[in-house]
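Quick note: the coordinates plus some simple rules give every number you see, no bench work behind them. Worth saying up front: this structure is predicted, and the values here are computed from it rather than measured. Cβ placement follows ideal geometry from the backbone for every residue including glycine, while neighbour counts extend to all protein chains displayed.
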Amino acid sequence: MKLTSTQNKRSLIAVFIVLIVIAETVAFVTTTPRPQEQFFQFYVLGSNGLAADYYPQNNPNLNLASPVSWYLGVTNSMGNVQLVEIRLKLGNETTIPPNDTTDTPASAPELVAFDRALMDNETWEFPFVWSITNATSTAGATHILTIQINNETYNVSNWSATNGYNFRLILELWVWQTNSNTLAFGWNSNGEHRTAWLQLWFNMTTPTPPPPPA
Amino acid sequence: MTRASAWLILTTAILIAVIMISPLYPSAQINQPLQPSFGQAIVAVNNAEAAGATPNETAPLVALLNKALALNQEASSLPPNQTAQGNTILSGVNQILTNVTNQANDLTTTSTQRTSTNKIITYVAGLILAVAGTFAYVFGVELYQRYRIKRTFQMRIKAK
């Protein structure tokens, strides 16, 4: 191919331009990070690490000091390091649950919180063993007084439920907000605020110790 | 005058509308004295990641953040009569967070340089490949032309 020909020079320039456009497009695509969907996964599993067997003998009517074993987990898929907090609240039938529309947390008082800094794509899963250690029943209402969580005892400020029915543990995911330097319920993703929370119901109709094993 | 007051009312109305539309997310007030330090540390780590730091590089910083959280929890669970011990732990937490921020800032600098270098190398490699491809095209066309010429001169005329 002789470069003296004008037609050959033109075709050569055209080939070079096509190749450089292809090569630099590939370079741009490989060096530019792709946007990913930002979210958290928040879950609670039963004693066997499955979404089942949440209560002993599958009976949500608990006795005093009867241990309930769960696993709590959070997966960070936000694309960077995040500081998260799981807040545990004890509620009853009248407790206002978290509201996904207004992004408000539950009205129940906070019992305990678990904090953790999570890397991108990291899952934080830990055992969560709890039991009601002290409760009384008066005037048709069961009052929970103390609750033990992972071998720590927490006082509950006289939380009650009618006839011991419809207590619930509410778990909320709070995330560190870098713009306000505080933890807030939920997280911002693509211009939207999202929340994640869980609740599990239980009863304590007769606050008595569990029957001795036969 | 009327126009100025109308603008004022309009601006105030827009501001009130923006404030009312913006959801006020409830926030916690835990670790209040340490909140700025935690915030700085996390922002510094996020900046390092955005600059191109790898998970292997940020993992030690995240481990330090978790250590700070654990110590903070320990300080919070102390009885009120152990204020001195609590303050000692909290100053340790502050020190850890300062270290995280400094290390993350250093990591941001090195990651930025590395990312820039990698980008330049990638784009230059693209240019080199384009030039090499063009030469390969010239060489290929020339080879094909030689082949065609050779084939033409190899032709024989056969009498039928």
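With a simple spin-label model that places each label point 7 Å from the Cα along the Cα-to-Cβ direction, the separation between B:Tyr147 and A:Thr25 comes to 2.8 nm.
Of the residues B:Ala50, A:Trp176, B:Ala75, the one whose Cα sits farthest toward the positive end of the charge dipole of the protein assembly as shown, with +1 on the Cβ of Lys and Arg and -1 on the Cβ of Asp and Glu, is B:Ala50. For the peptides A:50-57, B:70-77, residues were scored by their other Cβ atoms within 10 Å and the scores averaged per peptide; the highest-first order is B:70-77, A:50-57. For the pair A:Ser137 and B:Asn56, a Förster radius of 35 Å applied to the C-beta separation gives a FRET efficiency near 0.05, rounded to the nearest 0.05. Modelled spin-label separation between A:Thr123 and A:Asn151, with each label point placed 7 Å from Cα along the Cα-to-Cβ direction: 2.6 nm. The mean number of partner chain beta-carbon atoms within 10 angstrom of a residue's beta-carbon across peptide A:15-26 is 5.
Here segment A:13-153 is assigned +1 on the Cβ of each Lys and Arg and -1 on the Cβ of each Asp and Glu. Its dipole about the Cα centre then comes out at about 120 debye.
Using a 10 Å cut-off on Cβ to Cβ distances, tally the other chain neighbours for every residue of B:126-135 and report the average as a whole number. Before the final figure, lay out each step's value.
On the way: counts 11, 5, 1, 7, 10, 4, 2, 7, 9, 2.
Mean partner shielding for this stretch: 6.
Among A:Thr6, B:Thr112, B:Thr134, B:Thr58, the order by Cβ neighbours within 10 angstrom, fewest to most, reads A:Thr6, B:Thr112, B:Thr134, B:Thr58. One quarter of the convex hull surface built on the alpha carbon atoms of segment B:100-160 amounts to 6.4 nm², the projected area averaged over directions. Seen against the Cα atoms of chain A and their longest principal axis, helix A:6-31 is set at about 10 degrees.
A simple spin-label model places the labels of A:Thr206 and A:Asn99 4.1 nm from each other, with each point 7 Å out along Cα-to-Cβ. Note on B:56-63: average number of Cβ atoms from other chains within 10 Å of each residue's Cβ is 3. Looking at segment A:73-147, the pairs of alpha carbons with a distance over 14 Å make up 72% of the total.
Across A:Glu125, A:Glu37, A:Glu93, mean-square fluctuation computed from a Gaussian network of chain A (C-alpha pairs under 10 Å connected) peaks at A:Glu37. Kirkwood hydrodynamic radius of segment A:77-214, from the reciprocal of the average inverse Cα-Cα distance over all distinct pairs: 16.6 Å. Over the C-alpha trace of segment A:93-134, radius of gyration and Dmax come out as 14.7, 40 angstrom.
What number, in percent, do you get for the relative contact order of segment B:49-122 if the mean sequence gap of Cα pairs under 8 Å and at least 6 apart is divided by its residue count?
Numbers: 44 pairs, mean separation 35.9, N = 74.
Reported as a whole number, the value is 49 percent.
The number of Lys pairs in the protein assembly as shown with C-alpha atoms less than 29 Å apart, excluding pairs fewer than 8 positions apart on the same chain, is 5. Given the options A:Val26, A:Asn61, A:Pro97, identify the residue whose Cα lies farthest towards the positive end of the charge dipole of segment A:25-183 (+1 on Cβ of Lys, Arg; -1 on Cβ of Asp, Glu). The Cα lying farthest towards the positive end belongs to A:Asn61.
Looking at the protein assembly as shown from every direction and averaging, what is the projected area of its Cα convex hull in nm²?
Working: hull surface 169.2 nm².
Mean projected area of the Cα convex hull: 42.3 nm².
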